[in-house]
């Protein structure tokens, strides 16, 4: 097992150390059955009153679920995913309490079968997300749970905060005040304000279309070069499953876009140089669209609102391809639908309501 673990790559260091710790200190005979009235029965004589321990049985359910999926429609073959599936990249996302079962127990079961089962390539483990200084608890109704959260605020607001603060290297503590401050700053003040300013201006000054005319100046060339580097960095974070870093890099691109728009100020330039204002507006609108594409995996709802305004469809947008300079200078004549405020700030009253409802 130690050699198998050493053959993996891309695992967080604490996942590797947890697995190695089990192999050196925690590895001993353990029961895989429980005396319970519910669960998966053990198909063996003399075990009629026993069921499999869930953390032995549950990982096997990954294969069983794929078999059930394949049986539901013609042309599906579960073996392509699990049996001699060397072309499959298999990634698991786990809380740290589940790491021993998925790094040691289940792989040992597969390897011990001496059959060509696909084993996990990357295990992305997480530490705890705590709540107001303590643990979430369903039995004590302590914390904010998904069904309740979605009744209070759009999913993207929760998604953004949880990804931007993912407990990758240590436990993360959630509290309402920090959540409200981060969402208002990142999504409303930075991303939302960027979108609202330039789309509103385009409707006032250029009939709601990406304007034509003029050639990009040095400012746009510098912007394109910086974006090339930042987009490459963002892609590396996504491919490495570095969620916090990906959110930070996404926000940094929003900051770059805001800085460009604030400095170029097409609403000021148009007073004396309409052609320059058209160049800046075209660049900024394409920049907004690019920002939405890059943020789609984190805040898909907000991104789709932007992309729909540009005529996009309900599908995962393609990652930017080709020279960014060409991308920022394209689309002349394209109509942009009004968007309105992209993100509504969480008001102090709303924040007080959340704190009262979900407070410790």
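The values are calculated or read from the model by the stated rules, or taken from the named source; none is laboratory data. These numbers come from a predicted model, not from an experiment. Please note: Cβ atoms are built from the backbone with ideal geometry, for glycine as well, and neighbour counts cover all protein chains shown.
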Surrounded by fewer than 18 Cβ atoms within 10 Å (Cβ to Cβ) and within 30 Å of residue 15 (Cβ to Cβ): is that true of residue 160 in this structure? no
Are any of the residues in segment 56-76 part of a loop (DSSP other than H, G, I, E, B), without any contact (Cβ under 8 Å) to a residue 60 or more places away in the chain and closer than 30 Å to residue 172 by Cβ? no
Selection count where residues are over 21 Å from the mean Cα position of the chain (by Cα) and under 20 Å from residue 93 (Cβ atoms), scope segment 125-137: 2
With the checklist (1) in a loop (DSSP other than H, G, I, E, B); (2) over 18 Å from residue 126 (Cα atoms) in hand, flag the one item residue 11 doesn't pass. (2)
Out of everything in segment 133-154 that is farther than 23 Å from residue 98 by Cα and touching a residue at least 40 places away in the same chain (Cβ under 8 Å), what residue ends up being surrounded by the fewest Cβ atoms within 10 Å (Cβ to Cβ)? 148
So in segment 103-132, with the set limited to residues that are assigned to a helix (DSSP H, G or I) and without any contact (Cβ under 8 Å) to a residue 24 or more places away in the chain, which one is surrounded by the most Cβ atoms within 10 Å (Cβ to Cβ)? 110
Go through (1) out of contact with any strand residue (DSSP E or B) (no Cβ under 9 Å at 6 or more places or on another chain); (2) at pLDDT 95 or above; (3) surrounded by 13 or more Cβ atoms within 10 Å (Cβ to Cβ); (4) within 26 Å of residue 163 (Cβ to Cβ) and name the single condition residue 76 misses. (4)
State the number of residues belonging to segment 207-240 that are part of a loop (DSSP other than H, G, I, E, B), touching a strand residue (DSSP E or B) at 6+ places or on another chain (Cβ under 9 Å) and surrounded by 17 or more Cβ atoms within 10 Å (Cβ to Cβ). 1
Looking at segment 340-347, is at least one residue under 20 Å from residue 182 (Cβ atoms), free of Cβ contacts under 8 Å to residues at least 12 places away in the same chain and outside the structural domain of residue 199 (by TED's automatic domain parsing)? yes
Would you confirm whether any residue within segment 155-167 is touching a residue at least 40 places away in the same chain (Cβ under 8 Å), in a loop (DSSP other than H, G, I, E, B) and out of contact with any strand residue (DSSP E or B) (no Cβ under 6 Å at 6 or more places or on another chain)? yes
Test for residue 25: is it loosely packed, with under 12 Cβ neighbours inside 10 Å, at pLDDT below 95, outside the structural domain of residue 239 (by TED's automatic domain parsing) and farther than 15 Å from residue 106 by Cβ: yes
Could you tell me whether segment 44-53 includes any residue that is touching a strand residue (DSSP E or B) at 6+ places or on another chain (Cβ under 8 Å) and under 15 Å from residue 105 (Cα atoms)? yes
The listed residue being in a helix (DSSP H, G or I) and either closer than 30 Å to residue 13 by Cα or in contact with a helix residue (DSSP H, G or I) (Cβ under 6 Å, 6 or more places away or on another chain) (or both), out of 202, 177: 202
When you scan segment 266-280, do you find a residue that is within 29 Å of the chain's Cα centre (by Cα), assigned to a helix (DSSP H, G or I) and in contact (Cβ under 8 Å) with a residue 60 or more places away in the chain, even just one? no
